[in-house]
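> Take this structure first; my questions come after.
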Amino acid sequence: MKYFIYIIGIALCFSCSQQEQKKQWVNTEKTTTPTIENKVEVESDCIDVLFSKLNLIDIQAIDSTILVDLKYASDDNFMHQQLYFTINKVYLQQDVAQRLAACQQYLQSIHPGYSLLVYDGVRPVEVQQRMWDALDTIPVAQRGKFVSNPKNHSVHNYGAAVDLTIVDEHKHPLDMGAGYDDIRTIAYPSMEDQFLASGELQSYQVENRKLLRKVMQHQHFINIPSEWWHFNAYSRNEVKRRYRVVEKEPDCE
């Protein structure tokens, strides 16, 4: 009889143990199933880590007051299609980001309520190639004024160039007389006097461009002749010496 009770006890214990293990397994499954929000956050953290190995940093981690509208992470760009699929922040070389933060402080000191609005920072070569190919109806010599030949690499490919504008106290972009990524010559800083004389550019539009240049020159950023929005932290040769090129978007799968 004692032996029989002992066997029944063991069986009951084994059954309870199985049920408890099953319960624990089910609970674990529920707590580890990621939500969409968690997945995006994990991917973003992963990109932060991968880019940090190249000394690239999210500009808003340096200065959260700088505004961002990452154009190539949406279809609101000259190609009308999304080009970034894992990059969802503006990343720059750390020293470049610090210089841009100093520009933001300078702008706010001379125009309280104004802010920089950044459209693009680091741009992988593979994205540069897609842009280059999309403009294949433009002769190579002319195309290079708008999109750098990916064979030569762009300063963007190293995280040392930034595309941006200024917004007012209502967060409205200042009127620059031509939009972002406008390939027309009216967007060329080098031709402002000509368009001002013809009346195609208004004086206040040119003054807005000059304000942007003044703010960026405060930290020695260099505006290029064909895009009012594009500023390089260093020359192309200098960035090649200082930094490593970003060939592709980070893969966090």
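> Restricting attention to the stretch 195-223, report how many residues are free of Cβ contacts under 8 Å to residues at least 24 places away in the same chain and either at positive phi or surrounded by 17 or more Cβ atoms within 10 Å (Cβ to Cβ) (or both). Even if it seems obvious, please write down each step before you answer.
Residues of the stretch 195-223 that are free of Cβ contacts under 8 Å to residues at least 24 places away in the same chain, as a first pass: 195-200, 203, 207, 210, 214, 217, 222.
From the residues that got through so far, the ones that are either at positive phi or surrounded by 17 or more Cβ atoms within 10 Å (Cβ to Cβ) (or both) too are 195, 199.
The qualifying residues number 2.
> Conditions first: (1) buried (at least 17 other Cβ atoms within 10 Å of the Cβ); (2) part of a loop (DSSP other than H, G, I, E, B). Val162 passes all but one, so which condition is the exception?
Unmet for Val162, out of (1) buried (at least 17 other Cβ atoms within 10 Å of the Cβ); (2) part of a loop (DSSP other than H, G, I, E, B): (2).
> From Asp95, Asp69, Asp48, which residue is at pLDDT 95 or above and crowded, with 16+ Cβ neighbours inside 10 Å?
Asp69
> In the stretch 166-180, how many residues are part of a loop (DSSP other than H, G, I, E, B) and either aliphatic (A, V, I, L, M) or more than 27 Å from the chain's Cα centre (by Cα) (or both)? Outline the logic, then answer.
Step one: filter the stretch 166-180 for residues part of a loop (DSSP other than H, G, I, E, B), giving 168-172, 174-180.
After this cut, where a residue has to be either aliphatic (A, V, I, L, M) or more than 27 Å from the chain's Cα centre (by Cα) (or both) as well, the list is 174, 176, 178.
Final tally of qualifying residues: 3.
Residues are listed down the side, and each one gets a yes or a no for (1) at pLDDT 95 or above; (2) within 21 Å of Val167 (Cβ to Cβ):
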| residue | (1), (2) |
| --- | --- |
| Glu29 | no, no |
| Thr32 | no, no |
| Met79 | no, no |
| Ser115 | yes, yes |
| Pro124 | yes, no |
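> In this structure, is Lys171 surrounded by fewer than 19 Cβ atoms within 10 Å (Cβ to Cβ), in contact with a Ser or Thr (Cβ under 6 Å, 6 or more places away or on another chain) and in contact (Cβ under 8 Å) with a residue 12 or more places away in the chain?
It is false that Lys171 is surrounded by fewer than 19 Cβ atoms within 10 Å (Cβ to Cβ), in contact with a Ser or Thr (Cβ under 6 Å, 6 or more places away or on another chain) and in contact (Cβ under 8 Å) with a residue 12 or more places away in the chain.
> Hey, can you tell me all the residues within the stretch 128-149 that are at pLDDT 90 or above and closer than 17 Å to Glu227 by Cβ?
Residues satisfying the conditions are Gln128, Met131, Trp132.
> Restricting to helices (runs of 4 or more DSSP H) lying wholly in the stretch 72-155: which have 1 or more residues that are of a type outside the set (Gly, Ala, Ser) and within 12 Å of the chain's Cα centre (by Cα)?
none
Residue-wise test of (1) under 30 Å from His111 (Cα atoms); (2) in contact with a strand residue (DSSP E or B) (Cβ under 7 Å, 6 or more places away or on another chain); (3) in the same structural domain as Leu117 (by TED's automatic domain parsing).
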residue: Ser148; (1), (2), (3): no, no, yes
residue: Val167; (1), (2), (3): yes, yes, yes
residue: Ser203; (1), (2), (3): yes, no, yes
residue: Lys210; (1), (2), (3): yes, no, yes
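The values are calculated or read from the model by the stated rules, or taken from the named source; none is laboratory data. As the structure is a computational prediction, the values presented were derived from the model and not from experiment. As a convention, Cβ positions derive from the backbone with ideal geometry for all residues, glycine included, and neighbour counts pool all protein chains shown.
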